[in-house]
Amino acid sequence: MPDDPQLFSIGEFSQICGLSVKTLRFYHEKGLLKPAHVDAGTDYRYYDAACLDRARIIARLRELQFSLDDIARILTECSDESDLLGALRRQQRAITERMRADRKVAKALEDMIIQEAEAAHLADSGRFTIEEKSLESMIIAGLRMKGRYEECGRGFSTVARMMGRHLSGRPLCLYYDGEYREEDADFETCFPLRREEPSRDAVCVRTLPRQRCLSLVHQGPYPQLGRSYRKLLVEAKRRGLAIQLPTREVYLKGPGVIFKGNPKRYLTEIQLPLVES
């Protein structure tokens, strides 16, 4: 039978159909594309014209990103393209959903790249000076808490879980005490939002007003923030400025989504809102 001019060796068939020998062997093992004949003595595979039609169908379906299991089901259940219509529609819906998910991932990557690049540039510049500046109004989702400062991570996680895709910008914390408190600190973990959204459970959505503030970027671990607070408070007194609560900490660079990072390179912008004169 191998001398039959209508049969092709696996190498010849590979050239004809555009599938590698390795792929043809794999499809045979999966039951997708069986040779027309397998030599009993040598196990050599031979293919005919019917195999070629089936190989082209498989290749086309793979181009359309059908899984091998889907292809096996289609080859069993469908005899022409009218039978294939339902499978094509299902695949189209699946691809559309995948594209939508990929766009979300791409946007998240873009935001992360921009934030990390800005933080790296700021850290490398080493220019951390006190400045008086305007803070634009900002829509935030916040969770007011009482407890120890290190418990803020739980608050950020809750806000992120509740508001998810609506988040837009770096996390910040509002402090309402005006003093250091060990056990019962009054603070609010917040994220900026793209637009106004309904509040959810204990997570409150509102707009922070436009304010003037005295600002300083602190580089280093969180336990050392007191050094930068001292510089700001000394400068506020020197300028005769009154501080308005709540004060803010904006976390420009901290523990990352993937890596914890080096605390020595954490960047926190301390913002002390000013009482309007």
remark   = Spelling it out for A36: with amide H atoms placed in the peptide plane at 1.01 Å from N, the residues 5 or more places away or on another chain with amide H under 5 Å from its amide H are Y46, Y47, D48
Whole-number percent relative contact order across the chain, with pairs defined as alpha carbons under 8 Å at least 6 apart = 15
inquiry  = Angle check, please: helix 81-125 long axis (alpha carbons) against the longest principal axis of the chain (alpha carbons), in degrees 0 to 90, nearest 10.
reply    = 40
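What does the extension gain come out to for E110 and V21, with contour length at 0.36 nm per residue minus their alpha carbon separation?
On the way: separation 89, 0.36 × 89 = 32.04 nm, distance 4.08 nm.
Between E110 and V21, full extension yields 28.0 nm more.
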key: Cα centre as origin, Lys/Arg/Asp/Glu Cβ charges: the chain dipole, Debye   = 1240
inquiry  = Let me cross-check R239: its accessible surface, 1.4 Å probe, with only protein heavy atoms counted, in Å² to the nearest 10?
reply    = 90
inquiry  = Helix 49-63 against the longest principal axis of the chain: what's the angle in degrees, Cα atoms only, rounded to the nearest 10?
reply    = 10
task = Using a 10 angstrom cutoff on alpha carbons, build the Gaussian network for the chain and name the most mobile of L19, L109, L88.
result = L19
query = In a GNM of the chain with a 10 Å cut-off on Cα contacts, which of T76, T207, T96 has the highest mean-square fluctuation?
reply = T76
key: Separation in nanometres of the label points that stand 7 Å from Cα toward Cβ, at L68 and K146   = 6.2
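Go ahead and estimate [θ] at 222 nm for the chain from helices alone: -39,500 (n - 2.57) per DSSP H run with n ≥ 4, summed, over the residue count, rounded to 500. Kindly include the intermediate steps, with their values, before the conclusion.
Numbers: 7 runs with 115 residues, N = 277.
That comes out to -14000 deg cm²/dmol.
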key: Proximal lysines relative to K237, as straight alpha-carbon distance under 18 Å, when same-chain residues fewer than 8 apart are discounted   = K133
request  = Once you've got the GNM for the chain with C-alpha springs shorter than 10 Å, pick whichever of G169, G155, G226 has the biggest mean-square fluctuation.
outcome  = G226
query = In the full protein assembly as shown, how much of S157 is accessible to a 1.4 Å probe, in Å² to the nearest 10?
reply = 70
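Let me spell out the model: positive unit charges on the Cβ of Lys and Arg, negative unit charges on the Cβ of Asp and Glu, origin at the Cα centre of region 1-113. What dipole size does that give, in debye rounded to 20?
On the way: 18 positive and 19 negative charges, 143 e Å.
Taking the Cα centre of region 1-113 as origin, the dipole is about 680 debye.
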ask   = To the nearest 10 square angstrom, what accessible area does K264 show with a 1.4 Å probe?
value = 150
Where the chain is the region considered: accessible area per residue in Å², 1.4 Å probe = 62
key: Under 16 Å from K146, Cα to Cα: aspartates and glutamates that are on another chain or at least 8 residues apart   = D177, E179, E182, E183, D184, D186, E188
query = In region 122-206, what GluC sites (Glu not before Pro) fall in a loop by DSSP, with at most 11 other Cβ atoms inside 10 Å?
reply = E136, E179, E182, E183, E196
request  = Rounded to whole Hz and in sequence order, give me ³J(HN,Hα) for region 267-277 from the Karplus expression 6.51 cos²θ - 1.76 cosθ + 1.60, θ = phi - 60°, writing x for Gly and Pro.
outcome  = 10, 10, 8, 8, 10, 10, x, 9, 5, 5, 7
query = Under a plain spin-label model, where a point goes 7 Å from the Cα along Cα-to-Cβ, how far apart in nm are R98 and D53?
reply = 2.8
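The values are calculated or read from the model by the stated rules, or taken from the named source; none is laboratory data. Keep in mind that this is a model prediction, so the values were computed, not measured. Because the Cβ atoms are built from the backbone with ideal geometry, glycine has one as well, and the counts that use them run over all protein chains shown. For the accessible areas, the whole protein counts, side chains as well, though only heavy atoms, and no ligand, DNA or RNA atoms are used. Shrake-Rupley method; radii C 1.70, N 1.55, O 1.52, S 1.80 Å.
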